[in-house]
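Engineer: For reference, the structure I am asking about is given below.
Coordinate-derived values only; no laboratory data. This one's a predicted model, so the numbers in the text were calculated from it and none came from an experiment. Heads up, the Cβs are rebuilt from the backbone with ideal geometry, glycines too, and the neighbour counts pull from every protein chain shown.
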Amino acid sequence: MNARTDVAIVGAGPAGLLLSHLLHLNGVESVVLESRSREYVESRVRAGVLEHPTAELLREVGLGERMDREGLVHAGISLRFDGADHRIGFDELLGKTITVYGQQEVVKDLVAARLRDGGQVEFEVADTAVHDIGDDAPWVSYVDAQGEGRRLDCAVVAGCDGFHGVTRGAVPSARLRVFDRRYPFAWLGILAKARPLHEELVYARHARGFALCSMRSPQITRLYLQVGADETVEQWPDDRVWEELTARLAVDGRGTVNVGDVLDKGVTAMRSFVAVPLRHGRLFLAGDAAHIVPPTGAKGMNLAIADVSLLARALTALLRTGRADLADSYSDTALRRVWRAEHFSWFMTSMLHSTGDEFDEQLALSQLRYIAGSTAAATSLAENYVGLPFA
């Protein structure tokens, strides 16, 4: 069975769904194809920090109502090292804030908006493949949720299907350059029914390794520990997790962690990755399909949203007026922000994690002390953390 649309979007994460919504507002049709179920994409726990420009964009395009009602606005973060707490005040330094609002909540809002507006989002598709992206008439083949083979003809394919998706692999290897760095540690993350220890995010560097206290609500805490890259969840029973969090997040030798029931637990590998260019023929890559960052800088979802804010304008111009300059410059424009975020994420990761090297330890502590004591250094961190402009 054949169908046609302007833009075939592979992936129903924040990037794909927001791109579909933005195109709809500009009068461009799209179909979103997703291999997972709607229940799965609306419940998977991922990022939770929205940059200032991300929150502003969601408001501008009619997606901010629940975020503003339920999200937690933070005016700074805390850096803990040398046994003490040091606040970096975004409000004081920049007059800006961030919003803690889970990626799954953003996805729920986007799915609801697309279905409300008559958008076509197909879940549980299989065997998705991209064809003829070097021509003016690309198409996507897939098997729908009912097991029927389908062909979707389009003018453009948007690859928003994440790091393990199929679209990046459709680019000939000779045309794609990959930059990749893997880190010798991972994050063990838990979701716990417990009050957060602080009203803002806490990043801690400790001799035993990094720790982070975030939150999803005033009653639900998201906590992370630096662990070995090859360690598993089974090596970290709940008692050991709480003991280590208490030690690493202590201030002046006193533990401050509120212990509660662990609702979820998992290990996340740490990696920096960029594939360039973000365009090949009629295929445009966005979000994790093109780049990933270690989560220390809270940039992953925000980068995806920044990508599609540019891509929506470029595709609207290309498909509605034949203007090609924005599409032609999309990759270079997006990559300038991507590389800045890659650097900031690497910087935060290097500064806050322990490698066991004493020289690295002293360099990291020197940088943290400099940030805590210098308005200029704190402002630079704050500017990057709250998010640079999308354009």
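Engineer: Hey, in the GNM for the chain with a 10 angstrom Cα cutoff, which one of SER272, SER350, SER173 fluctuates hardest?
Structural biologist: Largest GNM mean-square fluctuation: SER173.
Engineer: Just to check, using Stokes-Einstein with a Kirkwood Rh over alpha carbon pairs, what's the diffusion coefficient of the range 188-310 at 20 °C and 1.002 mPa s in µm²/s?
Structural biologist: Numbers: Rh = 16.1 Å.
The Stokes-Einstein estimate is 133 µm²/s.
Engineer: Working only with C-alpha atoms, what are the Rg and Dmax values of the chain, expressed in angstrom?
Structural biologist: 21.3, 67
Engineer: When the helices in the chain are scored as -39500 (n - 2.57) per DSSP H run of 4 or longer and the sum is shared across all residues, what 222 nm value do you end up with, to the nearest 500 deg cm²/dmol?
Structural biologist: Working: 11 runs with 141 residues, N = 391.
Result for the chain: -11500 deg cm²/dmol, rounded to the nearest 500.
Engineer: Along the charge dipole of the range 244-391, which of THR355, VAL293, LEU318 sits closest to the positive end, that is, farthest toward it, with unit charges on the beta carbon of Lys, Arg, Asp and Glu (+1, +1, -1, -1)?
Structural biologist: LEU318
Engineer: So for the range 90-194, Kirkwood radius off the Cα pairs, Stokes-Einstein at 37 °C and 0.692 mPa s: how many µm² s⁻¹?
Structural biologist: Working: Rh = 18.3 Å.
Translational D for this selection: 180 µm²/s.
Engineer: If you average the alpha carbon positions of the range 306-329 and of the range 187-222, how far apart do those two centres end up, in angstrom?
Structural biologist: 39 Å
Engineer: What order do you get for TRP339, TRP242, TRP346 when you list them from fewest to most C-beta neighbours inside 10 Å? Walk me through the intermediate numbers first.
Structural biologist: Details: TRP339 14, TRP242 20, TRP346 17.
With the sparsest Cβ surroundings first, the list reads TRP339, TRP346, TRP242.
Engineer: Take the Cα gyration tensor of the range 134-191, multiply each eigenvalue by 5, square-root it, and list the three semi-axes largest first, rounded to whole angstrom.
Structural biologist: Values: eigenvalues 188, 83, 15 Å².
That gives 31, 20, 9 Å for the three semi-axes.
Engineer: Also, quick follow-up: When the gyration tensor of the range 1-151 is built from Cα positions, what are the square roots of 5 times its three eigenvalues, in whole Å, from largest to smallest? Numbers along the way, then the final one.
Structural biologist: Numbers: eigenvalues 271, 54, 41 Å².
In descending order, the three semi-axes are 37, 16, 14 Å.
Engineer: Charges only on Cβ, +1 for Lys and Arg, -1 for Asp and Glu: so what's the dipole of the range 57-163 about the Cα centre, in debye to the nearest 20?
Structural biologist: On the way: 11 positive and 21 negative charges, 95 e Å.
Here the size comes out at about 460 debye.
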